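**Q** Pasting in a structure now, in structure tokens, and then I'll have a few things to ask.
The values are calculated or read from the model by the stated rules, or taken from the named source; none is laboratory data. These numbers come from a predicted model, not from an experiment. A quick note on method: Cβ atoms are made from the backbone with ideal geometry, for glycine too, and the neighbour counts reach across all protein chains shown. Calculation scope for accessible area: heavy atoms of the full protein, side chains included, ligands and nucleic acids excluded. Shrake-Rupley method; radii C 1.70, N 1.55, O 1.52, S 1.80 Å.
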Amino acid sequence: MDKSIKSHYMNRIDDKLTELPWYVTEYIDSRKRKLSHTTLLNYCHDYIIFFDWLVSEKFSAATRKEVSLTSLESLTVREVENFLSFLEYQLGNTKYTINRKLSALKSLFDYLQNKAETSDLKPYILRNVMAKIEFNSVNETQETIANRIEGKILREDDFELFRQFVAHDYGVQNISNLRIFRFHEFNRERDTAIVSLILGSGLRLSEVAGINVEDLDVNKGLVRVLRKGNKEQYVYFSQQALLDLENYLKIRETRYKAEKSDNYLFIAAPIGRKGKSRRLTPRSIEKLIEKYAAAFGKPALTVHSLRHSFATRYHLENNDVPRLKNQLGHSSIQTTMIYTHLTDEEMRNAVNNMDR
């Protein structure tokens, strides 16, 4: 992962830690060599939810930052089970997500009991209630399928981080390699528009590759695509996708030497001095996503997982499965229901606000 991206994550982690008790900061610092920055940031989010719950239930201090070690030590099994029920029934977390949060808490409590020491070499806490709490059993269901997807998608600020990486940071990362740097400079508006469109609409690979210029309705934020079964449909895309598409359209004709008869939206870089413009193929789009994903530090990302990323975030922000089904072009709502199992704590705005 690029240094600037790591720095961004560390700044976010540090911001979260200012809102948490001192011993959480100490624990996170102790794990920086072992855990990824994204995992540590997720831990911070999980701890904020936990400590806020403690405060709201009046088990502890007036603010999350003031929660004492004594309060943690005195928690009962029943109280922790009530918190897990809160995650499931109030926040709508899946059993898999609850297990992940419980794992974060178990790791913190284990550190406080078995690794951290006071000045007189005593553990921070003597009693560890989290050691008595069992994980949820997760069966092979739609939820399990969703869990597999969850590890291969972008979350929260990763949307903008990946987009920014394609638009700018990839070039910075390869500035010492003139050939790669120049190739990126040539194609970065086009590649950014492709990534932004998928993340802002959930279109399939074949649908993105098949778009023609006249299929775009920039006034309404719509694109006409041919879906499975040769069904024509107008699909919404986000405001950020619109901005990136407009930036690409400004340079499309001159840079890619497109003639008026060349109506395909995404054009391949010309080969040779007299190279003619041609439509960017689905395989070429796959390869460019693979290239950026590997350099970004998430090699599991594909065009399809970017589509999953959009669908997951759309569901979190709108909770409207029928409309999501239509947006994705699913023939069965059961397929769309997978995304109801991919839950999160932070609900934001609708599609056009996804890029904030």
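**Q** (1) closer than 20 Å to R188 by Cα; (2) in contact (Cβ under 8 Å) with a residue 24 or more places away in the chain; (3) open to solvent by 30 Å² or more (accessible area, probe 1.4 Å): which one isn't true of Y236, the others all being true?
**A** Going through (1) closer than 20 Å to R188 by Cα; (2) in contact (Cβ under 8 Å) with a residue 24 or more places away in the chain; (3) open to solvent by 30 Å² or more (accessible area, probe 1.4 Å) one by one, Y236 breaks only (1).
**Q** I've got another one for you. Check segment 315-332 and report whether any residue there is open to solvent by 40 Å² or more (accessible area, probe 1.4 Å), touching a Pro at 6+ places or on another chain (Cβ under 9 Å) and at pLDDT below 85. Give the derivation first.
**A** Our first condition is that a residue be open to solvent by 40 Å² or more (accessible area, probe 1.4 Å); within segment 315-332, this holds for 318-320, 322-323, 325-326, 331-332.
Subsequent filtering for residues that are touching a Pro at 6+ places or on another chain (Cβ under 9 Å) retains none.
No - not one qualifying residue is present in segment 315-332.
**Q** Still on this structure: Tell me, yes or no, whether segment 52-72 has at least one residue that is of a type in the set (A, V, I, L, M), within 25 Å of the chain's Cα centre (by Cα) and open to solvent by less than 70 Å² (accessible area, probe 1.4 Å).
**A** Our first condition is that a residue be of a type in the set (A, V, I, L, M); within segment 52-72, this holds for 54-55, 61-62, 67, 69, 72.
From what's left, within 25 Å of the chain's Cα centre (by Cα): none.
No, that holds for no residue.
**Q** I've got another one for you. I need a count of the residues in segment 198-231 that are of a type in the set (A, V, I, L, M, F, W, C), touching a helix residue (DSSP H, G or I) at 6+ places or on another chain (Cβ under 7 Å) and open to solvent by less than 20 Å² (accessible area, probe 1.4 Å).
**A** Residues that pass the stated criteria total 7.
**Q** A further question follows. Just to be sure, is A131 over 26 Å from E246 (Cβ atoms), modelled with pLDDT of 85 or more, in a helix (DSSP H, G or I) and among the small types (G, A, S)? Lay out the reasoning, then the answer.
**A** Details: over 26 Å from E246 (Cβ atoms): yes; modelled with pLDDT of 85 or more: yes; in a helix (DSSP H, G or I): yes; among the small types (G, A, S): yes.
Criteria met by A131.
**Q** Starting from segment 18-41, keep only residues that are among the hydroxyl-bearing types (S, T, Y), then list their pairs with residues that are open to solvent by less than 50 Å² (accessible area, probe 1.4 Å) whose Cβ atoms are within a distance under 6 Å, requiring at least 6 positions of separation or different chains.
**A** Here the result reads T25/L17; Y27/L108; Y27/Y111, each pair linking segment 18-41 to a residue that is open to solvent by less than 50 Å² (accessible area, probe 1.4 Å).
**Q** Follow-up. Does E79 count as acidic (D, E), more than 29 Å from the chain's Cα centre (by Cα) and at negative phi? Quick ask: steps written out before the conclusion?
**A** On the way: acidic (D, E): yes; more than 29 Å from the chain's Cα centre (by Cα): yes; at negative phi: yes.
So E79 fits the description; yes.
**Q** Given the conditions (1) under 23 Å from D217 (Cβ atoms); (2) open to solvent by 60 Å² or more (accessible area, probe 1.4 Å); (3) within 29 Å of the chain's Cα centre (by Cα), report the number of the one that K291 does not fulfil.
**A** Checking K291 against (1) under 23 Å from D217 (Cβ atoms); (2) open to solvent by 60 Å² or more (accessible area, probe 1.4 Å); (3) within 29 Å of the chain's Cα centre (by Cα), the one that fails is (1).
**Q** Something else now. Looking at (1) crowded, with 18+ Cβ neighbours inside 10 Å; (2) farther than 23 Å from A116 by Cβ, which is the one condition that is false for S85?
**A** (1)
**Q** Follow-up question, since we're still on this one. Provide a single number: the residues in segment 318-337 that are polar (S, T, N, Q) and in contact with a strand residue (DSSP E or B) (Cβ under 7 Å, 6 or more places away or on another chain). Walk me through how you get there before you give the answer.
**A** Here is the first cut: in segment 318-337, the ones polar (S, T, N, Q) are 318-319, 326-327, 331-332, 334-336.
From what is left, the residues that are in contact with a strand residue (DSSP E or B) (Cβ under 7 Å, 6 or more places away or on another chain) are 327.
Result for segment 318-337: 1.
**Q** Quick one: count up the residues across segment 206-221 that are in a strand (DSSP E or B) and closer than 18 Å to R307 by Cβ.
**A** The initial filter retains those residues of segment 206-221 that are in a strand (DSSP E or B), namely 212, 216-217.
Still in the list and also closer than 18 Å to R307 by Cβ: none.
Summing the residues that are in a strand (DSSP E or B) and closer than 18 Å to R307 by Cβ in segment 206-221 gives 0.
**Q** While we're here: I'm trying to understand the selection: among the residues of segment 224-243, which are over 24 Å from the mean Cα position of the chain (by Cα), in a strand (DSSP E or B) and not hydroxyl-bearing (S, T, Y)? Talk me through it step by step, then tell me what you get.
**A** As a first pass, look at segment 224-243 and keep what is over 24 Å from the mean Cα position of the chain (by Cα): 224-234.
Still in the running and in a strand (DSSP E or B): 224-227, 231-234.
Of everything in segment 224-243, those that are over 24 Å from the mean Cα position of the chain (by Cα), in a strand (DSSP E or B) and not hydroxyl-bearing (S, T, Y) turn out to be R224, V225, L226, R227, K231, E232, Q233.
**Q** Kindly provide the set of residues from segment 143-189 that are at pLDDT 75 or above, part of a helix (DSSP H, G or I) and among the aliphatic types (A, V, I, L, M), ordered by number.
**A** If the condition is that a residue be at pLDDT 75 or above, part of a helix (DSSP H, G or I) and among the aliphatic types (A, V, I, L, M), then L161, V166, A167, V172, L178, I180 are the ones that fit.
**Q** Which of the residues belonging to segment 288-307 are of a type in the set (V, I, T) and more than 20 Å from T38 (Cβ to Cβ)? Give the steps one after another, and end with the answer.
**A** Residues of segment 288-307 of a type in the set (V, I, T): 289, 302-303.
The answer is V303, and nothing else.
**Q** If you scan segment 149-197, which residues turn out to be out of contact with any His (no Cβ under 8 Å at 6 or more places or on another chain), basic (K, R), surrounded by fewer than 20 Cβ atoms within 10 Å (Cβ to Cβ) and closer than 24 Å to R12 by Cα?
**A** Result: R155, single match.
**Q** Name the single residue, out of those in segment 250-272 being small (G, A, S) and loosely packed, with under 11 Cβ neighbours inside 10 Å, that is modelled with the lowest pLDDT. Don't jump to the end; show me each part of the working.
**A** Just the residues of segment 250-272 that are small (G, A, S), to begin with: 258, 261, 268-269, 272.
If we keep only those that are loosely packed, with under 11 Cβ neighbours inside 10 Å as well, we get 261, 272.
Values: S261: 83, G272: 61.
Among residues in segment 250-272 that are small (G, A, S) and loosely packed, with under 11 Cβ neighbours inside 10 Å, the one modelled with the lowest pLDDT is G272.
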